[in-house]
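The values are calculated or read from the model by the stated rules, or taken from the named source; none is laboratory data. Computed from a predicted model, the values in this text were never measured in an experiment. Cβ coordinates were reconstructed from backbone atoms using ideal geometry, including for glycine residues, and neighbour counts include every protein chain displayed.
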Amino acid sequence: MDPQVKEDIIASYEQDEKTKDLGSQDARMEKDNDLWTYDNRLYVPDGRELRQRLLTEFHDTPMHGHLGVDKTLAAMEQLFYWPNMVDDVRLYIKTCEQCQRNKPSNLKKAGLLKPLPVPDNPFESVSLDFITLLPETQRGHGALLVVVDRLSRLMTLIPTTTDVTAAEAAALFYKNIFVHFGMPSFVESERMGTPRRKPRKNRRR
Ligand SMILES: [Zn+2]
């Protein structure tokens, strides 16, 4: 995992009082290799405008084309969590200038005349997989996170470690795919939903 991304997130914990509160009160918050996760999603702290950056990427990029609250939220919730995310998404979209300009009433009429559905965009739908237990490189990478764009079949290989956690994989995905292509509206993965769990000594109950 890129130390810069990780440091950015970790530094934000200090500005976010809720990180501490949730960590001690909610058993679903777990610290996983210095990163907080919530139900195996990467917890996004309130600081360094991380949340704002995510909202902009998930809603404004051409890939997403200013989708509504439900779809924007559904895409974000696959990898990320923060308290009351739905409220932030609602407010963000409600105050989005472009969405205000393109009211649905205008779009519906245009839609009826369209002979063909809009073609899918690259990186709108991707699959994630891992190749693990490879010979370790000098940098300590022994696994690959494999991201395949289902439209172009373009494959992106991201070096990682065999014991990569869900939170680390989410951060890798953020840095290598999301910042370049925006967030896919569909992510298929068998392992991301049920990541390998590291044994924890001090699990709260
Ligand atoms: Zn919008």
Inset, instruction - Considering only the stretch 55-84, state which residues are in a loop (DSSP other than H, G, I, E, B) and modelled with pLDDT under 85. - result: T61, P62, M63, H64, G65
Inset, instruction - Would you check which residues across the stretch 85-110 are over 26 Å from T19 (Cβ atoms), away from the ligand (no atom under 12 Å from the Cβ) and either at pLDDT 90 or above or of a type in the set (K, R) (or both) and list them? - result: K108, K109
Inset, instruction - Could you grab me the full set of residues in the stretch 122-169 that are surrounded by fewer than 13 Cβ atoms within 10 Å (Cβ to Cβ) and of a type in the set (S, T, N, Q)? - result: T137, Q138, S152
Inset, instruction - Using the structure shown, decide if Q52 is at pLDDT 80 or above and either outside any helix (DSSP H, G or I) or exposed (fewer than 13 other Cβ atoms within 10 Å of the Cβ) (or both). - result: yes
Inset, instruction - Among the residues of the stretch 152-166, count how many are charged (D, E, K, R) and either part of a helix (DSSP H, G or I) or farther than 18 Å from N33 by Cα (or both). - result: 1
Legend entry - the stretch 12-31 residues that are without any contact (Cβ under 8 Å) to a residue 24 or more places away in the chain and within 15 Å of A167 (Cα to Cα), paired with ones that are small (G, A, S) and outside any loop (DSSP other than H, G, I, E, B) (beta carbon under 8 Å, 6 or more apart): M29/G23; K31/G23
